[in-house]
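Below you'll find the structure, written out as structure tokens, and then a few comments.
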């Protein structure tokens, strides 16, 4: 990134890198995204909707490609396609047994649109392609504010639906029998995933969204069975790997997303090994 030498004084190193605006923006946006992804990701794993998250991330790329074709901000297209795709998956995937098939069907259609948009675009779709792998070191102060506002809205929605969402996530059939509006709840949560995916692409990109949306929550699920503790652990893991990735990227000429995905994968493997020895 910048030709700097690492020292054993971490406080001094951190002070040194935070003198640059782009690093401050990256840390602020990364912190917001890590918190939101950690919270939302816990419910994604609990509801076994990891494939849905994967599908929405790819739908986002199709939207970004379409926005580039029509001269719009790629993030606008990303948000539109993830929200539209999320609603379609929620409505078509009411049958639990056939949910993966329905999600896969929507995913295939949206990916086809993405390929079509890219084939029509005659310029350099650099902004759309950057969404594939993230570009957190290039975000502006306005991007940080937009991420903050979206993050607060997502967390407010999760707080409002926390109890029925947790109930439906643990046992959807019983929740529906008790009068919980499962379909409406699922649709709202899909929209929450869509917004979270849209703000997370700045950090890891759509192809690596699992790094923050699924893996920290998977680690939390192996460490604790209590929902509140699980959410907390998921957020802590997402924060640690994000900060660690940003810290390393300041000294090494490699993408932030590489450090984040690698570190969280190593943590997951260590958790699996440790849990295996305990059992």
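Side notes on the structure shown:
- The requirement of being at pLDDT below 90 and surrounded by 12 or more Cβ atoms within 10 Å (Cβ to Cβ) is satisfied by residue 170.
- Close contacts from segment 237-262, counting a first residue that is free of Cβ contacts under 8 Å to residues at least 60 places away in the same chain and at positive phi and a second that is in a helix (DSSP H, G or I) and crowded, with 16+ Cβ neighbours inside 10 Å, with Cβ to Cβ under 6 Å and a gap of 6+ residues or different chains, come to none at all.
- Among (1) modelled with pLDDT under 80; (2) assigned to a helix (DSSP H, G or I); (3) surrounded by fewer than 21 Cβ atoms within 10 Å (Cβ to Cβ) - the single one residue 103 does not satisfy: (3)
- Identity of the residue in segment 88-100, out of contact with any helix residue (DSSP H, G or I) (no Cβ under 6 Å at 6 or more places or on another chain), farther than 15 Å from residue 44 by Cα and assigned to a helix (DSSP H, G or I), that ends up modelled with the lowest pLDDT: 97
- Flag if residue 60 is surrounded by 24 or more Cβ atoms within 10 Å (Cβ to Cβ) and either touching a helix residue (DSSP H, G or I) at 6+ places or on another chain (Cβ under 8 Å) or more than 21 Å from residue 196 (Cα to Cα) (or both): yes
- Tally, over segment 224-265, of residues that are touching a helix residue (DSSP H, G or I) at 6+ places or on another chain (Cβ under 9 Å) and closer than 25 Å to residue 163 by Cα: 13
- Inclusion of residue 203 among residues that are outside any helix (DSSP H, G or I), buried (at least 16 other Cβ atoms within 10 Å of the Cβ) and either at pLDDT below 90 or out of contact with any strand residue (DSSP E or B) (no Cβ under 8 Å at 6 or more places or on another chain) (or both) is warranted.
- Those helices (runs of 4 or more DSSP H) of segment 1-84 in which 1 or more residues are closer than 23 Å to residue 218 by Cα, out of contact with any strand residue (DSSP E or B) (no Cβ under 6 Å at 6 or more places or on another chain) and at pLDDT 75 or above occupy 21-46, 50-69.
- One residue stands out in segment 121-149 among those that are at pLDDT below 80, assigned to a helix (DSSP H, G or I) and touching a helix residue (DSSP H, G or I) at 6+ places or on another chain (Cβ under 6 Å): the one that is farthest from residue 91 (Cα to Cα), namely 137.
- Within segment 13-57, if we keep just the residues that are free of Cβ contacts under 8 Å to residues at least 60 places away in the same chain and within 24 Å of residue 77 (Cβ to Cβ), the residue that is surrounded by the fewest Cβ atoms within 10 Å (Cβ to Cβ) turns out to be 51.
- Checked against the criterion of being at pLDDT 85 or above and either surrounded by fewer than 17 Cβ atoms within 10 Å (Cβ to Cβ) or not in a helix (DSSP H, G or I) (or both), the candidates 248, 269 yield just one match: 269.
The values are calculated or read from the model by the stated rules, or taken from the named source; none is laboratory data. Just so we're clear, the structure is a prediction, and the values are computed from it rather than from any experiment. Quick reminder, even Gly has a Cβ in these numbers, built from the backbone with ideal geometry, and neighbours come from all protein chains shown.
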